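The values are calculated or read from the model by the stated rules, or taken from the named source; none is laboratory data. Model, not experiment: these values are computed from the prediction. Glycine gets a Cβ as well: all are built from the backbone with ideal geometry, and neighbour counts include every protein chain shown. Surface accessibility is based on the protein's heavy atoms, side chains included, excluding ligands, DNA and RNA. Shrake-Rupley method; radii C 1.70, N 1.55, O 1.52, S 1.80 Å.
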Amino acid sequence: MTREERIEQSTTRIFKAIFPDSTNHYNTLFGGTAMHLMDEVAFIYSDKVFTQTGRDGFF
């Protein structure tokens, strides 16, 4: 498998609606909300990897 194919397979995206209560007075996303979204994507990706490799998530 080439590097480009591995990168393409590792791409994980989520789409979430961001409402005004998740932004500050500069209309930028709160850092904690951004970290929560990144944590959610990391969980989805790790679950995908462990499912594909047949591991149960414990080493």
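Laid out as a table, the results:
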{"read-out": "Residues (aliphatic (A, V, I, L, M) and either open to solvent by 70 Å² or more (accessible area, probe 1.4 Å) or in contact with a helix residue (DSSP H, G or I) (Cβ under 6 Å, 6 or more places away or on another chain) (or both)) located in the stretch 30-43", "value": "35, 38"}
{"read-out": "Filtered residues of the stretch 6-29 (kept if assigned to a helix (DSSP H, G or I) and open to solvent by 100 Å² or more (accessible area, probe 1.4 Å))", "value": "6, 8, 9, 20, 21"}
{"read-out": "Residue within the stretch 43-55 that is at pLDDT below 85 and part of a loop (DSSP other than H, G, I, E, B) present", "value": "yes"}
